[in-house]
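J.: The structure is given below, and queries will be raised subsequently.
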């Protein structure tokens, strides 16, 4: 794409955060990359996008909510996503109006659980994920946000040490925990992950933590 003066439009970096997080997750990366082309929007339900309760239940719905930010990216896009943000980034790069403009994809522990259903050996891992989704969602429906956050963070800690959050950080997670059932629903709603991944034509970096859940 070109700008109004006919010169190639500058590339943008779009970074999407994890559940219970916000765009502030990428503060250090934004400082390291510099420039005006770095975007770290808050996903619906978090940060400045926490208002309201009409949250999307699909990744396509999440992308639609990000449209005001994505519209600012006039040139090529380098996508980065962590956890739930990684699932949204994957969908952006494979099945959205922006897919043709994506030039690289970096996924940090993307939450794409339906991929696990493709082989019998991984089906039990899918059931573990679906199980924690049910536990967390039921806690939220019962008004037990603290218990939901505890179950959620304990699951993602895997075999590693429990992450220590500041009192203000933990309070912020509890305040935004109502969005978690929607995030789980969106992740569990995505199908055809393997086929979509095999069709990717851009450089893709996949990162995972060794102490995370299997």
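The values are calculated or read from the model by the stated rules, or taken from the named source; none is laboratory data. Since the model is a prediction, treat every value here as computed from it, not as a measurement. Positions of Cβ are backbone-derived with ideal geometry, glycine not excepted, and every protein chain shown enters the neighbour counts.
J.: Name every residue in segment 1-36 that is in contact with a strand residue (DSSP E or B) (Cβ under 7 Å, 6 or more places away or on another chain) and at pLDDT below 90, in order of residue number.
T.: 2, 8, 9, 33
J.: Now for a different question. Of all the helices (runs of 4 or more DSSP H) wholly in segment 52-141, which have at least 3 residues that are over 20 Å from residue 23 (Cα atoms), modelled with pLDDT under 95 and out of contact with any helix residue (DSSP H, G or I) (no Cβ under 7 Å at 6 or more places or on another chain)?
T.: 120-141
J.: Any residue at all in segment 133-147 that's touching a residue at least 24 places away in the same chain (Cβ under 8 Å), surrounded by fewer than 19 Cβ atoms within 10 Å (Cβ to Cβ), closer than 30 Å to residue 53 by Cβ and within 19 Å of the chain's Cα centre (by Cα)?
T.: Yes, that holds for at least one residue.
J.: Name the one entry in 123, 97 that is surrounded by fewer than 16 Cβ atoms within 10 Å (Cβ to Cβ), under 22 Å from residue 190 (Cα atoms) and assigned by TED's automatic domain parsing to the domain that holds residue 68.
T.: Going through 123, 97 in turn, the sole match is 97.
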